[in-house]
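Read-outs throughout are calculated quantities, based only on the coordinates presented, and are distinct from any laboratory measurement. If you're wondering where the values come from, they're calculated on a predicted model, not measured in any experiment. Here the Cβ positions follow ideal geometry from the backbone for every residue, glycine too, while neighbour counts run over all protein chains shown.
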Amino acid sequence: MLAMSRNDLLLFLGFTIAVLAMPIWLQPFGAAYPDLLQRFMIFGIFAVGFNILFGLTGYLSFGHAAFFGVGSYAAVWSFKLLSLDAIPAMIFAVVVSGLFALAIGFVSLRRSGIYFSILTLAFAQMSYNLAYSVLTPITNGETGLQLTLGDPRHFDRLFGEAMPGQPVPTLLGQSLGGFTGFYFCAGFLILAFFIAQRITGSPFGMMLKGIKSNQTRMNYTGFNTKPYTLAAFVISGMYAGLAGALLAVTDPLAGAERMQWTASGEVVLMTILGGAGTLVGPVIGAWLIKYFENIFSAINETILARFWDFLPDGADHFAVVVSSKFVGEGWFLTLGLVFVLIVVFLPGGIMEGVRRIAHLFDRKRSSPTNPGKTAPHPQPAE
Amino acid sequence: MTLLKRGLSRRRVLQTGMAGIIGSGVAPLMFTKGAWAQEFCNNPTGDTVTFGLNLPLTGAYAEEGADEQKAYELAVKHLNGEGDGGLIGVLTPTALKGNGILGKKVAFVTSDSQTKSDVARAGATRMIERDGAIMVTGGSSSGEAIAVQGLCQELGVIFMAGLTHSNDTTGKDKRRYGFRHFFNAYQSGIGLGPVLGQEYGKDRRAYHLTADYTWGWTQEESMKAATEALGWQTVEAVRTPLGAGDFSQFLTPVLNSGADVLILNHYGNDMVNSLTQAVQFGMRDRQANGKDFQIVVPLFSELMAKGAGANIKGIFGTSNWHWNLQDPGTVAFTKSFGAAYGAPPSQAAHTAYVQALLYADAVERAGTFYPPEVIKALEGHEFDGMGNGPTLYRAEDHQCMKNILVVQGNDNPTSEYDVLNVVQEVQRDVVTYDPAIFGGDLGPAEPAPLCA
Amino acid sequence: MFEVIFLQFLNGLDKGAAYALIALGLTLVFGTLGVVNFAHGALFMLGAFCAVLFRQLLTLETVTIDPTKLSPWGQPLEVRAPLVQAWFGDFGAVLVNYSVPASIIITIPIMLLLGILLERGIIKHFYKRPHAEQILVTFGLAIVAQEVIKSFFGPNPIPQPMPTDLRGAADIGAFLGMQANVITYPIWRLIYFLFSAAIIGGVFAFLQFTTFGMVVRAGMADRETVGLLGINIDRRFTIMFGLAAVVAGLAGVMYTPLLPPNYHIGMDFLVLSFVVVVVGGMGSLPGAVAAGFLLGILQSFASMTQVKALIPGIDQIIIYLVAVVILLVLPRGLFGRRGVMEA
């Protein structure tokens, strides 16, 4: 199990160091504040998990946000009913989202291609619409499920500790706000990455890749592919649940919006943008999109004016007006352009760009950073 | 590339260092009470103080959000002593000096909440953690307000709610760090009920269409209580999904249901769409039970009235405030806002502006930014001059007690902003209610949480 | 009870016509080009904004400031004079009143041009690429389109009044010889229904009875063979994409009086139209139309209180629930057939 190839080990160590050092190297980019760093970790986990399904088997789920949301709700309910400690909440969330994924996966995987996508989308939209309306006793509807002073918290009451102030999730009594929360999430991202790496290299991972390249042939050679795809679906659902639970740990509110189809679409975009089928790609895709969403959207004209200050008068004003269309409220425009450019020029996502650059520098050795990545496969006809 | 860089302040270095120490488990030894005298979340140490404006600039309530932003920018100008001073000179009693707050200039950062609770909360977190906001304000939906005030309670930052009308905001979800100037659905019911009885009689059958979320439900409940007290019957109360766009499948059953009043518990674009479509269905030209069919919109604003155009004419509802009131506060604010933006302010803009001023005033009176002291200064504070008559910030639930307005769509508007007539100013003692009826628990102010 | 059910059925037809029309363009593109077009909603939105643009041009005003008078909020009064009325008099006023239907004149060429440019510029490079990449590039284009619209027209919905003569409701019950004032329905919704039926019929007739349509249908079935016969199928497919854009645009234009458009309106319809297309069977035109009506009618009935009392929340999920059931029972949707309409 722990026998890793040298390349795998290097990749894993490099990834670990890059993640743990984020508060330092993101400082010049204005992104080294805990909330965003936590989001980087959480959506990284979400994308790594999504990639186990989509990148390996080629099944494009359009409803993964449902598992993310279920994970969040489960975690908050654990905080409310059991204990403010993060560990039971996360175990509970992963189990619940795993079961939810098992049920939805069992039904949806009877179809493939776009029909599978629509089935998952339909289930997720049903979950979202119900969470918003008739399931309000469980989800607290539009307001979102929150912690209150009056929650039962049976485990905590057993030990008789009374927390002053608004209840917040803890780890063994230690609050998980700020940078502590970041390192907590980072630990899980590294663990999630490690497991994904092991899965990709295992016979199970090989089987999944076989399903992606030609499921019919796999069936003809006598493999029943269904248990494998279902396992991949459930694992990736549990990853989503873990990510959702972490979001609830760092910020104990579960809202229905995180189950909407746009949230499912976001993780698809993250994965494809970074490079589906690669290990690092989806994480980078997630970081990039979250960076755009949080930093680009917060740039206003004052900041731009300072940035373009070196230009002569008139020209700087012009530059501010033009560039303001692409930042602030216009950040989404920049993101759309990035999608179009990447998919037109780098069909394999950002990781393909990385590989091409590496190739330029060293034509003799193939890049070590992309063990699982191959050229895009044509998908089954459906 | 200094584009995005924010200086490494002493505090930030301390925090980063602290995180490492907490990570290794030494922290519990260092948190002894009172170790840092009056150290609290985002204690402003420089010569500026930052407001965090959390505004829906996109989504269903975007129009209100944009108007709130204008109001906040105006309020910041006035607090810093620029412009004509607006309401600073009218607020009584006042501690404001027009030189910032406690001598510090006011700056602000904004975040687009997209009319979504999740996003609103993420934006508020960013403004508190990264931009060092001392106070968060804004929002245009009750979901947002409740989500953000919960967060502010955790982080120890005061939240001055913008437009939020649900009973829950200062009811079962009230928080010590959250304050609301706007009125609520319960008060709408108290105010609107008698006017409806007078105009439409005691024998009416009402059909409710209700936005299917917390605000819609509380308003439906309040309106049912108020109309049934008049002797009206409720034929049916139907929940509609938020943002449905096309409401036709909910409107067709109204036609032959035996109802003669349609009550639309919708807000923002939903209300504009459902009202417009109801009029397209001919409901305002209809007869039912031998009476003219009527439509009532319990909460509406001039922005929505503008969106609904001619369809709003003659329709009754309630508002927090309206720009053509004639008291000195309203006149001063409308003049100041009109001069700056070429249009009169909406009720969302008004409540936003007033909240910013009230916070600043409370800090001046407390003599410190330390939130528990500011909270004490706001609780039970009695003031006047802000356009709603004498107003009390009630200590029990942080709800402002003041006059509210019953309004009616204007039949003969003289301009595109002159869309509402004020029918009645409902007096404060009429709309005052017992805070205990909604339950909830404010929670403690101290120890003030230390945000990360 | 009869009138309630009849009205609800009428409403279902009205909704269904809208769904079918939106899904029609999407399935045209998938059926002919094999492209999963996530920008279809954006085309609907752009069509709607053709109507907005047309009205804004018609209502251009000259603004003069009258310093002698004050507005109620204490500013110098602005006096506005509409230009079109000044130039064309009564005809101008009629044009403004009928701006929505009149804007079809500019919508057709604009959408055709946009569609052709889009296909030639970007989409044609993606015929052989995986669906996931088609989704990403078309979704990216959709975002660009809606953000551009947002920066020109702002984020808020812009109401488009319908012609004054067509406001209000028609008494269908009386027309059919029943009791008056029981079954009434908004005139514009009836117009939208007839309009949809006409467009859908037109597209079918075009594909069925013209040589062009015959070649396109042959190309759908077997693109290579048609190419080998010396027919330039690519150019015809380009035109088909343009046609799909026009259909989407027209659906958008006529919808504006029912729902004021904003930059996001396309995204709201995107998911729905995909569900309709898949339920009908990818690439099947009759399937898309049938599924549109089926879902519209079911949605309308599911919204009735009597139904909701039986199954709470059913109105919120009916469309997705039906999609799941149909896909599980009929693997290729209602009318999907392997190899005929699929690329």
Exercise. Take the range A:192-237, drop everything but the C-alpha atoms, weight them equally and run the Debye formula without solvent; then report log10 I(q)/I(0) at 0.17, 0.22, 0.30, 0.31 Å⁻¹ to two decimals.
Key: -0.47, -0.75, -1.14, -1.18
Quiz item: Residue by residue, what Karplus-based ³J(HN,Hα) values in Hz, rounded to whole numbers, does the range C:133-145 have, using 6.51, -1.76 and 1.60 with θ = phi - 60° and x for Gly and Pro?
Solution: 6, 4, 4, 5, 5, 6, 5, x, 5, 4, 4, 4, 4
Practice problem: Just add up the charged neighbours of A:T250: K/R +1, D/E -1, any other residue whose Cβ is under 9 Å from the Cβ of A:T250. | Solution: -1
Exercise. Can you pull the one-decimal nm distance between simple spin-label points at A:T216 and B:E82, each 7 Å off the Cα toward Cβ?
Key: 6.9 nm
Quiz prompt | Listed residue pairs exceeding 32 Å between alpha carbons, taken from A:K325/B:K376; B:K224/B:K335; B:K174/B:K224; B:K174/B:K313 | solution = A:K325/B:K376; B:K224/B:K335; B:K174/B:K313
Quiz item: Once you average over the residues of C:318-326, how many Cβ atoms of partner chains fall within 10 Å of each Cβ?
Solution: 4
Self-check item: Tilt relative to chain B, helix B:347-366 - C-alpha long axis, 0 to 90 degrees, to 10
Solution: 30 degrees
Self-check item: Within 10 Å of each Cβ in C:310-316, the average number of Cβ atoms from other chains
Solution: 6
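Among residues other than C:A48 whose Cβ falls under 13 Å from its Cβ, what is the net charge (Lys/Arg +1, Asp/Glu -1)?
Working: positive: C:R55; negative: C:D268.
Computed value for this residue: 0.
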Exercise. Using only the alpha-carbon atoms of chain B, report the extent along each of the three principal axes, biggest first, to the nearest angstrom.
Key: 76, 47, 47
Quiz prompt | Folded to 0 to 90 degrees: helix B:328-341 orientation relative to chain B principal axis, Cα | solution = 80 degrees
Self-check item: Calculated [θ] (222 nm, deg cm²/dmol) that DSSP helices of n ≥ 4 give over chain B, each run adding -39,500 (n - 2.57)
Solution: -11500 deg cm²/dmol
Exercise. Within 10 Å, count the other beta carbons around each residue, average over each peptide in A:249-258, C:47-56, B:82-91, B:39-48, and list them highest first.
Key: A:249-258, C:47-56, B:82-91, B:39-48
Quiz item: Amide H to amide H under 5 Å from B:T234: which residues, 5+ apart in sequence or cross-chain, H placed 1.01 Å off N in plane?
Solution: B:A206
Quiz item: Hey, what number do you get for chain A at 222 nm if only DSSP H runs of n ≥ 4 count, each worth -39500 (n - 2.57), divided across all residues, to the nearest 500?
Solution: -21500 deg cm²/dmol
Exercise. Give the shape of the range A:6-260 as rounded, prolate or oblate, defined through the alpha-carbon gyration tensor: a ≥ b ≥ c are the square roots of its eigenvalues, a/c under 1.5 means rounded, and otherwise the shape is prolate if a/b is larger than b/c and oblate if not.
Key: oblate
Practice problem: With no solvent and one equal point scatterer placed on each C-alpha of the range A:44-95, evaluate the Debye formula and give log10 I(q)/I(0) for q = 0.21 Å⁻¹, two decimals. | Solution: -0.75
Quiz item: What shape does the range B:365-452 take by its C-alpha gyration tensor, where a ≥ b ≥ c are the square roots of the eigenvalues and a/c under 1.5 counts as rounded, a/b above b/c as prolate, and the rest as oblate?
Solution: prolate
Quiz item: With each label point set 7 Å from Cα along the Cα-Cβ vector, what nm distance links B:E416 and A:R306?
Solution: 3.6 nm
Quiz prompt | From phi via Karplus (6.51, -1.76, 1.60), per-residue ³J(HN,Hα) for the range A:105-114 in Hz, x at Gly/Pro | solution = x, 4, 6, 5, 6, 6, 10, 10, x, 5
Quiz item: Highest mean first, what order results for C:320-329, C:241-250 on Cβ atoms within 10 Å?
Solution: C:241-250, C:320-329
Practice problem: For the protein assembly as shown, report the translational diffusion coefficient in µm²/s to the nearest whole number, using Stokes-Einstein at 10 °C, 1.306 mPa s, and a Kirkwood Rh over Cα pairs. | Solution: 51 µm²/s
Quiz item: Fully extended, how many nm does the chain gain between A:K226 and A:D362 (0.36 nm per residue separation, minus their Cα-Cα distance)?
Solution: 44.8 nm
Practice problem: Note down the net charge around B:V238, summing +1 for each Lys or Arg and -1 for each Asp or Glu among other residues with Cβ under 14 Å from its Cβ. | Solution: -2
Practice problem: State whether the range B:186-319 is rounded, prolate or oblate according to the following rule on the C-alpha gyration tensor (a ≥ b ≥ c being the square roots of its eigenvalues): a/c under 1.5 gives rounded; otherwise a/b larger than b/c gives prolate, and the remaining case gives oblate. | Solution: rounded
Self-check item: Karplus (6.51, -1.76, 1.60) ³J(HN,Hα), θ = phi - 60°, over the range B:300-312, in Hz, Gly and Pro reported as x
Solution: 9, 10, 5, 5, 5, 4, 4, x, 7, x, 5, 5, 7
Exercise. Would you list, by chain and number, the lysines whose Cα falls below 18 Å from the Cα of A:K226, excluding same-chain residues fewer than 8 positions away?
Key: A:K209, A:K212
Exercise. Could you work out the mean count of beta carbons from other protein chains within 10 Å of each residue's beta carbon in B:203-214?
Key: 2
Exercise. Take each of the peptides B:343-350, A:11-18, B:166-173, average the number of other beta-carbon atoms within 10 Å over its residues, and list them starting from the highest.
Key: B:343-350, B:166-173, A:11-18
Quiz prompt | For a label point 7 Å along the Cα-to-beta-carbon line of C:W87, residues of the range C:48-62 with backbone N under 17 Å | solution = C:53-62
